[in-house]
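Asker: This is the structure I have questions about; it appears just below.
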Amino acid sequence: MKAWSGRAGQIAQVVVEDTSGRVAEAWTGPQVAWTMARGADGAFGGRILQRPSVWLAFCLVFFLGLADLRRPLSVRNLDLVALLSFSVSLAFFNRGEIFASVPLAYPPLVYLLVRGLVVAMRGRGDPLRPVWPTWVLALVCVFLLGFRVGLNVEDSSVIDVGLANVVGASRILDGQMPYGHMPQRGDLEPCGPKDAEGNVRERIQTNGRCEAAVERGDTYGPVSYLAYVPGTALYPWSGRWDSLPAARLTSIAFDLLVVLGLVLVGRRFGGSRLACLLVFAWVAYPFTAYTLNANTNDAIMPAFLMLGLWLASSPAARGTAVALAGWAKFGALLLAPLWASYPRLEARRLGRFALAFTVVSAGAFSILLLEPSLREAARTFWERTFGFQLERDSPFSLWGWGQYHAEGIPDLGLLQPVLAGGAIGLALAVAAVPRAKGPRELAALTAAVLLAFQLALTHWFYLYLPWVLPFVALWLLLPRSDQSTSTRTGSIEEALPVEESHSISAPSTRTSP
């Protein structure tokens with residue numbers, strides 16, 4: 001039985017057993033239209049990871065491994081607590097209490113945004129000084145890497161994001177762009193078994209195949225689908241929403257690519273210990289394991305950005321990284337002004353950045369040429385991505401609660417355009433202020449821009465936390481830009497053009513290796 005009411009649409013759904021007349025299920029509010037809001041056990045991240053003992057063990061290891069235990073009340077330890085505090089919101093989400101879980105996500109998002117700006121603007125304060133020896137951190141990293149991959153293989157699920165990207169990659173391999181060609185449900189003939197709710201997801205598509213419908217699977221950037229092409233070529237899509245080995249392989253590959261990027265960044269800017277600490281932060285943070293076990297595309301953005309940060313002294317590398325990250329997850333496009341102006345605005349380097357960004361973007365959008373009409377393909381891309389995202393409703397932000405106004409929930413939707421404008425304004429402002437930036441400031445401002453973007457989203461979810469985790473770890477662990485190191489693997493100054501390093505850092509007495 002279903003009940004409807006005005007703008008809110010369907011407001012209640014009750015499932016009654018035919019034989020006994022017993023109410024088996026009853027849903028109201030966001031749980032009616034959004035099954036993910038019902039608190040299904042293990043629907044995201046798997047059951048084992050979200051056992052309280054396992055989740056809390058991750059949290060404890062993350063904090064004790066990174067915290068400065070000599071100064072327990074330091075603000076940087078508070079930053080670690082803020083990162084872990086999303087667990088409280090997640091606990092309510094897992095219980096299906098959306099009106100409690102959503103508001104609890106905003107305080108740590110705002111706190112981390114403010115902290116990123118403070119770190120970048122002040123440029124003061126020593127980095128965290130964890131007490132664990134490097135060899136202990138390395139052993140824990142190896143164990144957690146294996147444990148996380150094992151969880152993915154044995155106890156993970158592929159949510160609709162992974163399905164959509166595999167379908168998109170399959171379409172590309174078949175000579176079609178993903179946009180406008182996702183499997184539909186509509187009035188097409190059912191061809192598969194019923195799911196737990198008695199619905200048939202598979203339909204006979206216009207290509208004659210029986211395929212699982214994922215109508216809104218074409219909302220991501222072209223790089224996201226292209227990233228799944230190798231895995232889908234190795235494990236072709238069956239047409240079903242089955243174990244989807246191509247999605248699992250791609251998720252694991254990009255998780256490991258983030259680890260590689262952190263190793264390279266750490267060794268360049270601080271040596272082996274910093275590299276180990278950065279990797280530890282990634283593998284011990286429970287929400288990166290959560291994302292890995294959901295088998296989504298959310299590690300693609302930080303993977304490309306980490307490689308770009310490793311080569312930060314090259315404008316072309318930065319332009320390439322932002323283009324690849326931005327055309328996978330659109331939020332990274334806001335980083336273009338900041339990364340183009342690193343270490344400060346200069347026409348020559350800005351031109352190199354823009355050229356690389358344009359060339360890579362053109363390559364990514366070459367999949368539109370698979371369609372007979374480029375103009376029609378571009379229109380379809382806009383409607384299915386930006387057009388849809390700008391108009392969608394979702395209960396997973398404060399800004400999408402207007403549809404539940406009749407239930408006494410305040411309509412805060414008017415604030416969203418203000419926040420969106422603020423995110424764009426921040427992205428432009430940090431390109432010029434501060435005028436000169438080192439790697440630590442670049443990391444802090446990158447995190448701030450991405451957090452501002454997340455605050456303005458209509459649909460926010462815990463899977464987005466890995467976007468910012470590497471950059472928060474960098475501002476916590478990187479030395480200040482006015483500190484130099486003499487490690488053979490690299491120094492802070494090596495991220496800057498040679499002729500500009502002394503305008504930012506104290507004179508160095510390094511000797512050539």
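The values are calculated or read from the model by the stated rules, or taken from the named source; none is laboratory data. None of these values were measured; they are calculated from a predicted model. No Cβ is skipped: glycine too gets one built from the backbone with ideal geometry, and neighbour counts run over all protein chains shown.
Asker: Return the pairs, sorted by first residue and then second, in which the second residue is among the hydroxyl-bearing types (Ser, Thr, Tyr) and in a helix (DSSP H, G or I), the first residue lies in the range 464-475 and is over 13 Å from residue 116 (Cβ atoms) and at pLDDT 95 or above, the beta carbons are less than 7 Å apart, and the residues are 6+ apart or on different chains.
Answerer: As it stands, the answer is 466/288; 466/291, since those pairs meet every condition given.
Asker: Output yes when any residue across the range 48-55 is in a helix (DSSP H, G or I), modelled with pLDDT of 95 or more and surrounded by 13 or more Cβ atoms within 10 Å (Cβ to Cβ), and no when none is.
Answerer: yes
Asker: Also, I was wondering about something else. Which residues, counting only those in the range 350-370, are buried (at least 22 other Cβ atoms within 10 Å of the Cβ) and touching a residue at least 60 places away in the same chain (Cβ under 8 Å)? Steps first, answer last, please.
Answerer: Narrowing the range 350-370 to residues buried (at least 22 other Cβ atoms within 10 Å of the Cβ): 353, 357, 367.
Selection gives 367 alone.
Asker: Applying the selection to the range 417-476, what residues are in contact with an Asp or Glu (Cβ under 6 Å, 6 or more places away or on another chain) and not in a helix (DSSP H, G or I)?
Answerer: Residues satisfying the conditions do not exist here.
Asker: List the pairs whose first member sits in the range 250-270 and is in contact (Cβ under 8 Å) with a residue 60 or more places away in the chain, whose second member is crowded, with 19+ Cβ neighbours inside 10 Å and basic (Lys, Arg), and whose Cβ atoms are under 8 Å apart, counting only residues at least 6 apart or on separate chains?
Answerer: Listed by first residue and then by second, the contacts come to 255/148.
Asker: Would you mention how many residues in the range 331-349 are surrounded by fewer than 19 Cβ atoms within 10 Å (Cβ to Cβ) and closer than 30 Å to residue 171 by Cβ? Show your work before the answer.
Answerer: Taking the range 331-349 as the starting set, the residues that turn out to be surrounded by fewer than 19 Cβ atoms within 10 Å (Cβ to Cβ) are 333, 344-348.
If we keep only those that are closer than 30 Å to residue 171 by Cβ too, we end up with 333.
Total meeting the criteria: 1.
Asker: Still on this model: Within the set of pairs 6 or more residues apart or between chains, which connect a residue that is in the same structural domain as residue 59 (by TED's automatic domain parsing) inside the range 72-93 to a residue that is hydroxyl-bearing (Ser, Thr, Tyr) and in a loop (DSSP other than H, G, I, E, B) with Cβ atoms less than 9 Å apart?
Answerer: Short answer, once both residue conditions are applied: 83/285; 84/285.
Asker: Now a separate question. Do we have residue 171 as outside the structural domain of residue 301 (by TED's automatic domain parsing), over 30 Å from residue 54 (Cα atoms) and touching a His at 6+ places or on another chain (Cβ under 6 Å) here? Lay out the reasoning, then the answer.
Answerer: On the way: outside the structural domain of residue 301 (by TED's automatic domain parsing): yes; over 30 Å from residue 54 (Cα atoms): yes; touching a His at 6+ places or on another chain (Cβ under 6 Å): yes.
Yes.
Asker: To continue, here is another question. Run down 161, 102, 142 and say which single residue is within 29 Å of residue 227 (Cβ to Cβ) and within 19 Å of the chain's Cα centre (by Cα). Give the derivation first.
Answerer: Values: 102 fails: within 29 Å of residue 227 (Cβ to Cβ); 142 fails: within 19 Å of the chain's Cα centre (by Cα).
Result of the check over 161, 102, 142: 161.
Asker: Mind listing whichever residues of the range 224-245 are part of a loop (DSSP other than H, G, I, E, B) and surrounded by fewer than 19 Cβ atoms within 10 Å (Cβ to Cβ)?
Answerer: First, the residues of the range 224-245 that are part of a loop (DSSP other than H, G, I, E, B): 228, 235-244.
The answer is 235, 236, 238, 239, 240, 242, 243.
Asker: While we're looking at this one, here's another question. Six or more apart or on different chains, Cβ atoms under 7 Å: show the pairs whose first residue is in the range 99-113 and more than 18 Å from residue 469 (Cα to Cα) and in the same structural domain as residue 460 (by TED's automatic domain parsing) and whose second is surrounded by 18 or more Cβ atoms within 10 Å (Cβ to Cβ) and of a type in the set (Val, Ile, Thr).
Answerer: Taking only residues 6 or more apart or on different chains, not a single pair turns up.
Asker: Sort out for me the helices (runs of 4 or more DSSP H) sitting completely within the range 247-310 that have 2 or more residues that are farther than 29 Å from residue 51 by Cβ.
Answerer: On the way: elements: 272-284, 286-294, 300-310.
The helices (runs of 4 or more DSSP H) meeting that bar are 272-284, 300-310.
Asker: Quick test for you: out of 501, 486, 481, pick the one residue that is crowded, with 18+ Cβ neighbours inside 10 Å, assigned to a loop (DSSP other than H, G, I, E, B) and modelled with pLDDT under 60. Even if it seems obvious, please write down each step before you answer.
Answerer: Values: 501 fails: assigned to a loop (DSSP other than H, G, I, E, B); 486 fails: crowded, with 18+ Cβ neighbours inside 10 Å.
Testing whether each residue is crowded, with 18+ Cβ neighbours inside 10 Å, assigned to a loop (DSSP other than H, G, I, E, B) and modelled with pLDDT under 60 leaves just 481.
Asker: Out of everything in the range 56-80 that is closer than 17 Å to residue 288 by Cβ and of a type in the set (A, V, I, L, M), what residue ends up being surrounded by the most Cβ atoms within 10 Å (Cβ to Cβ)?
Answerer: 66
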